[in-house]
Amino acid sequence: MFFKLVFRNSKRSRKENGLFFASLLLSVIAFYIILSLPRQDVMLFLKEMESDAVNRLLGIVPLFYGVTLGLLFFLIYYASRFQLERRRHEFGVYLMMGMRKGRLFFMLLAEDLHGSVWALLLGIPAAVLVSDLISLITARLVGLGIVGHQTTFYGQAVLWTCAGFLAIKLAAFLILSWSIARQEVGELLTETPEGAKKQLSAPVYAASLLLGLLLLGIAFALPIGGYAWQKIHVMALALLLGLAGTFLFFWGLRSVIGALARLGERGGRLGVFNLRQIQETVIQRSNTLAVCFLLILAGLCCFGAGNGIARFYNSTGEHVLDYTFVDYSGENPGETISKTLKEYGLDTEFAELFEMKVGHVRTEEDYENVFQMQNVLDALREEKASAARDIVENNLEYATFPHVICQSSYNRLLAAAGKPALSLAADEAAVYMDRRWSPDEGVRMMNRILEKRPKTTLNGETFYLTGAVQNTDLVTDQFLTLSFALILPDEAYERMTGGMGDTYVNGILDRHLGESLMKAIADTNEKLDKTGLSYESYLQNMGRQLFYTVAASYLTIYLAVIFLIIANTVIGVQFLMDQRKTGRRYRTLIRLGATYEILCESAGKQINWYFGIPVAAAAVGSLAGVRALLSGILSQSAGGSILDRMLVSGVMIFALLVVEWLYIAAVKRSSRRYLLTLMTPEREE
């Protein structure tokens with residue numbers, strides 16, 4: 001009989017609190033996904049390329065796990081308290097019928113354990129499936145799928161997921177059961193009303209609302225303007241102003257809702273009743289709404305900024321070269337490298353091998369002023385003031401001793417990339433600017449200037465800058481990255497460098513090998529390791545970019561999910577709790593003739609308001625929050641592309657708002673089920 005009662009109560013709790021149970025399932029899935037990160041395809045691939053960075057990333061996973069345990073503990077504690085408070089009368093009846101408090105404790109413990117086991121039994125398989133799906137999609141997107149995707153079941157992640165989940169559930173249960181055990185039968189049978197809070201005059205709340213908006217505006221302006229990222233105390237000030245502004249805003253929000261309620265019948269059926277209900281909720285729960293706003297804002301900012309950062313690192317370059325070789329031991333590195341590849345029979349695996357000559361101007365004079373381009377700087381300063389112009393101007397001011405690039409070498413690169421070759425006269429030069437150091441708007445400014453063929457001086461010789469800015473990667477990333485360089489005709493290059501420039505050998509694999517590029521590079525790497533050549537492959541370069549992508553997207557999305565789970569569950573559970581506490585009001589409306597449809601419509605509007613207030617505020621704030629994060633986290637060279645990242649982030653934020661709509665729909669279903677129970681006449685005792 002005892003266990004039958006336990007199973008029945010546990011089943012009833014899952015049905016009546018589906019929102020909370022669904023949140024537990026999502027928590028289990030989130031736990032497993034972050035803990036199984038070391039076994040995902042993309043991480044196994046990265047570990048071969050960037051083992052130190054990946055190990056550092058995986059080293060902070062336990063920290064994320066611990067922080068998540070703490071956050072979800074408060075969620076479970078809060079939601080479980082609502083469940084136990086709702087059943088106070090039931091517990092009192094059990095005690096009145098002779099059940100001992102010890103037996104009541106074990107009954108509740110068994111119910112909690114039964115629900116936890118169900119959450120794990122449903123959540124773990126779903127987590128394994130979702131984790132495997134994420135791994136597969138990520139591998140396919142980056143071209144790793146052909147290397148061989150394998151379904152994995154990470155036992156250690158399952159163990160820690162179960163241990164952590166059960167630990168916080170048990171801790172929350174023990175704390176709550178102790179508070180129930182201390183109460184006498186009479187206290188349990190008597191419903192405790194919510195205490196009224198002292199009200200101040202309307203102007204006080206209006207002033208609080210305006211002050212909160214002002215503080216929030218300053219808090220967002222400091223990081224967006226870059227001030228908060230320069231000094232730690234300014235960042236601390238921005239955070240404090242943001243927190244203070246949030247609580248002041250929600251504390252003063254009751255003035256707006258009160259003013260709407262005084263408008264009368266404009267809200268439709270039960271319009272005033274709905275607004276008075278919301279006003280009372282805001283008065284009683286302003287701090288709760290403020291905390292939920294902060295959690296939703298943090299979730300939206302994490303998701304939007306993480307996605308924007310990941311896309312930035314994925315789009316920082318185009319793929320042309322598969323390999324770059326370098327040899328510092330001899331006078332003719334190109335010949336040495338080609339000879340070594342031929343000795344090992346590897347030259348046939350390359351569709352093309354060509355030299356890339358890059359060097360510095362050799363001069364006996366002041367090398368700090370070898371290159372002078374005052375005309376370019378003057379023309380640049382005439383452009384409209386912007387962050388992009390400042391970045392380019394700063395780069396040019398330090399380009400007094402630039403690298404020079406051989407035209408024929410660069411034309412071989414352009415041919416490999418499918419681009420038209422450069423045609424330079426003896427006194428002409430083209431400008432090279434790496435895209436990672438130059439924002440798009442800055443490049444457009446330089447192109448407008450180059451159309452006028454500005455006159456410059458290089459080591460005492462006159463050169464006219466012409467053509468468009470070039471930015472095709474000279475070599476694979478690690479060997480050479482230039483913020484500014486000049487592309488010179490071959491004779492001018494040899495004259496300026498004195499024949500002492502550096503020579504790199506670029507290689508492009510034969511695309512007819514019948515296998516994927518990733519697999520071809522991986523196999524070729526094994527053969528090249530036996531030659532003793534110093535080289536870098538596109539796979540290594542891709543590994544670095546992919547590491548930043550994974551670090552930004554996985555961890556930020558994980559945090560976003562956790563924040564949103566907590567915030568939405570708290571809001572939903574709090575509304576359902578308040579609805580039950582005000583059940584007598586709905587019964588009064590029923591006696592006055594309100595139908596079930598009218599009550600559902602009324603409750604639905606209240607839910608829209610209750611969710612809409614923090615969600616709408618967070619959605620607006622997230623646009624500024626994501627902009628602030630991108631301004632501080634991305635390099636200055638990405639300044640011109642931040643608008644593009646913001647647009648992408650806005651799309652992802654909209655997708656998360658759809659998730660908010662799903663939460664609202666779930667709360668409305670629970671609310672309608674409760675209202676249906678009120679339609680049955682209740683006997684007064």
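The values are calculated or read from the model by the stated rules, or taken from the named source; none is laboratory data. All values reported here derive from a predicted model rather than from experimental measurement. Virtual Cβ from ideal backbone geometry, glycine too; neighbours counted across all protein chains shown. Side chains included, ligands, DNA and RNA excluded: accessible areas come from the protein's heavy atoms. Shrake-Rupley method; radii C 1.70, N 1.55, O 1.52, S 1.80 Å.
Please arrange W661, W118 by accessible surface area, largest first, computed with a 1.4 Å probe and ligands excluded.
W661, W118
How many nm is it between the label spots at Y65 and S408, if each spot is 7 Å from the Cα in line with the beta carbon?
In this crude spin-label approximation the distance works out to 6.0 nm.
Just list whichever of K169/K605; K419/K527; K384/K452; K169/K231; K384/K419 have alpha carbons separated by over 29 Å in the model shown.
Beyond 29 Å between Cα atoms: K169/K605; K419/K527; K169/K231; K384/K419.
Could you tell me whether segment 423-490 comes out rounded, prolate or oblate from its Cα gyration tensor? Rule is a ≥ b ≥ c as square roots of the eigenvalues, rounded for a/c under 1.5, then prolate if a/b exceeds b/c, otherwise oblate.
Cα axes put segment 423-490 in the oblate bin.
Using only Cα atoms, locate the centre of segment 567-584 and the centre of segment 391-461, then give the distance between them in Å, rounded to an integer.
Segment 567-584 and segment 391-461 have Cα centres separated by 64 Å.
According to a simple spin-label model (label point 7 Å from Cα along Cα-to-Cβ), what is the distance in nm between K455 and R100?
Distance between the two pseudo-spin positions: 10.5 nm.
Of the listed peptides 247-254, 666-673, 422-429, 99-106, what is their order by residue-averaged count of other C-beta atoms within 10 Å, with the highest listed first?
Highest to lowest by the protection proxy: 247-254, 666-673, 422-429, 99-106.
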